[in-house]
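Have a look at the structure below, then the notes.
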Amino acid sequence: VKQVNESALEDSLVESMTHEGEEMSRAPVVTVMGHVDHGKTSLLDYIRRTKVASGESGGITQHIGAYHVETDQGMVSFLDTPGHEAFTAMRARGAQVTDIAIIVIAADDDVMPQTKEAISHAQAAGVPIVFAINKVDKPTANPDKIKEQLANMNLLVEDWGGKIQSHDISAKTGIGVEELLEKVLLEAEILELKANPDKRANGTVVEAFLDKGRGYVSTVLVEGGTLKIGDYVLAGTNSGKVKAMQDERGKEIKEAGPSTPVSILGLDGAPQAGDKFNVMEDEREAKDIANKRTQLQREQSVRTQKHITLDEIGRRIALGDFKELNIILKGDVDGSVEALTDSFGKLSTEEIVVNIIHKGVGAITESDVLLASASDAIIIGFNVRPAGNARQVADKEEIDIRTYSIIYDAINDLKDAMEGMLSPVMKEEVTGNAEIRETFKISKIGTIAGCMVTSGKIYRNSGVRLIRDGVVVYTGELASLKRFKDDVKEVSKGYDCGMQIKNYNDIKEGDIIEAYQEVAVKKKLK
Ligand code: GDP
């Protein structure tokens, strides 16, 4: 066994990527963020509908996660997943693809919490902002109010004497959208965005999914170099030769330069959104690194499972009956995997933490099952099934595999599973009643009740209540339960018996003895 530096591989990758060549200016990559319902999707849709490259027939028909448009001033590429969550998720994975953020604010509303969040996310990433004050077609719109609120947050827009660009638009009618894009391009000019189109391509994965007919389809954004058909691509832990490329209009293309989003066919799996991709010299090199990364990832996931933080230990001790539910999640497209991850995460409560220890696109494999077995997890498949040996191994290892095609069902079932895991609440259940027909005083022993069981069963280990005229006068347990002279375990309805209540002798004819037991009842989640 030879210990190799884990990062050596990646370093050599970076080294091999630095090439001589001329840097040329490239188009900006734009993300649209803002508060819900302020018009992010409408703006992206409007641009998609109307701003397709001039002279090209047909609109953008495919949702591949990104698209580019040609304006009079130049090209702009859009990431088609609005919202700062996606933006930050990508960033968390080390992928900063956005050059400029358009932050949409509805002029008939206010600067809202999510607007503020979006602003701070963009600022944290050091990405310049262009404000789009939207819905100015509405009679209730008041763009100046928004600008004032921004000014109060120390964000001075141009027409208020500041440096931040902003434009009043209507995503519905299209007023101002053209000018907004001009401002975006102006901002891009200031940034002096450059890339070298002559080297082997590198970039970031935007989206990936499994297409029933075509196999794994990955949308990538080329950041540097030019991606060509036949290139050997390494993307995250996947690799493969580019068999075909399409743009957002579904048109076959042969190569894609910097800032161009394309969907490619040919990878051996679905890389995750945010994974970096590189074009490698040959196929073996790409495969080798992909394998090494998979191995590293596996080792890391094993490590993180074992090492929990002090805080976590303290929290578990404090809670006493802390439990966690480990899940391996597989789905047909990245989108539904992310959606389920989100929803599952929200199911976590004080008492149970939902841990997604592995997620991915594609069928449930044997290695998923082994991981589940190693970490005590259940496997959830969304529109995917176990492949190859996975089912047999799962049966052998007794791993729970559940498959769904409706997100709602998956969430509900998981909730149920969690209720099963919660420590049950003890609840009393009356098992039977007996009526006292006669009492016998026995010296040194106490008073024995001669009873007739009138309903259900009385068990020797039951708890009992003495009820007189409908009122509970004593709660305790039995000291003895006999039929004739014999001790018995239980007496059913219709039989008479002798009972003595432990430490209690004040019994009368006509009293009712109610027997009850504690049963465990599943707790519902709050
Ligand atoms: P998102 O949640 O930010 O993606 O917002 P949407 O794009 O889904 O828009 C929310 C609602 O506002 C929809 O009903 C849109 O039709 C409406 N809307 C968006 N932009 C405009 C606009 O410029 N003018 C008007 N009148 N309505 C708009």
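The values are calculated or read from the model by the stated rules, or taken from the named source; none is laboratory data. Owing to the predicted nature of the structure, the values given are computational and were not obtained by experimental measurement. Neighbour counts run over all protein chains shown; Cβ positions are idealised from the backbone, glycine included.
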**Report entry** Test: H38 is away from the ligand (no atom under 11 Å from the Cβ) and either at pLDDT 85 or above or out of contact with any Lys or Arg (no Cβ under 8 Å at 6 or more places or on another chain) (or both)
**Finding:** no
Report task. Quickly run through the range 388-405 and pick out the residues that are charged (D, E, K, R) and at pLDDT 80 or above. Result -> R391, D395, D400, R402
Query raised in the report: Looking at K457, K482, which one is within 14 Å of I501 (Cβ to Cβ), surrounded by 13 or more Cβ atoms within 10 Å (Cβ to Cβ) and modelled with pLDDT of 90 or more?
Result: K482
Report task. Inspect all residues belonging to the range 177-186 and state whether any of them is at positive phi, away from the ligand (no atom under 16 Å from the Cβ) and under 33 Å from the mean Cα position of the chain (by Cα). Result -> no
Report task. Return yes when G162 is more than 32 Å from the chain's Cα centre (by Cα), surrounded by fewer than 17 Cβ atoms within 10 Å (Cβ to Cβ), away from the ligand (no atom under 15 Å from the Cβ) and not β-branched (V, I, T) and no when it is not. Result -> yes
Query raised in the report: Which condition number does G446 fail, the rest of (1) touching a helix residue (DSSP H, G or I) at 6+ places or on another chain (Cβ under 9 Å); (2) among the small types (G, A, S); (3) crowded, with 16+ Cβ neighbours inside 10 Å being met?
Result: (1)
Requested in this report: Check the range 229-240 and report whether any residue there is touching a residue at least 40 places away in the same chain (Cβ under 8 Å), closer than 26 Å to R49 by Cβ and in a strand (DSSP E or B).
Outcome: no
Query raised in the report: Among the candidates A124, A118, A141, which residue alone is modelled with pLDDT of 80 or more and either among the acidic types (D, E) or under 26 Å from G274 (Cβ atoms) (or both)?
Result: A118
Query raised in the report: Would you pick out the residues in the range 88-115 that are touching a helix residue (DSSP H, G or I) at 6+ places or on another chain (Cβ under 6 Å) and modelled with pLDDT under 90?
Result: T88
Query raised in the report: Do we find that K276 is more than 30 Å from P261 (Cβ to Cβ) and modelled with pLDDT of 85 or more in this structure?
Result: no
Query raised in the report: Name the residues in the range 138-154 that are over 12 Å from A107 (Cβ atoms) and within 12 Å of the ligand (Cβ to nearest atom), would you?
Result: none
Query raised in the report: Can you tell me which residues in the range 348-393 are among the hydrophobic types (A, V, I, L, M, F, W, C), surrounded by fewer than 22 Cβ atoms within 10 Å (Cβ to Cβ), in contact with an Asp or Glu (Cβ under 7 Å, 6 or more places away or on another chain) and within 22 Å of E299 (Cα to Cα)?
Result: I378, V393
**Report entry** Of the criteria (1) at pLDDT 85 or above; (2) away from the ligand (no atom under 16 Å from the Cβ), which one S7 fails
**Finding:** (1)
Query raised in the report: Among A125, A151, A141, A132, which is among the small types (G, A, S) and crowded, with 22+ Cβ neighbours inside 10 Å?
Result: A132
**Report entry** Residues (assigned to a loop (DSSP other than H, G, I, E, B), touching a residue at least 24 places away in the same chain (Cβ under 8 Å) and not β-branched (V, I, T)) located in the range 477-496
**Finding:** K489, K493, G494, Y495
Query - When residues of the range 460-476 are limited to those that are closer than 11 Å to A515 by Cβ and not in a strand (DSSP E or B), the one modelled with the lowest pLDDT - result: S462
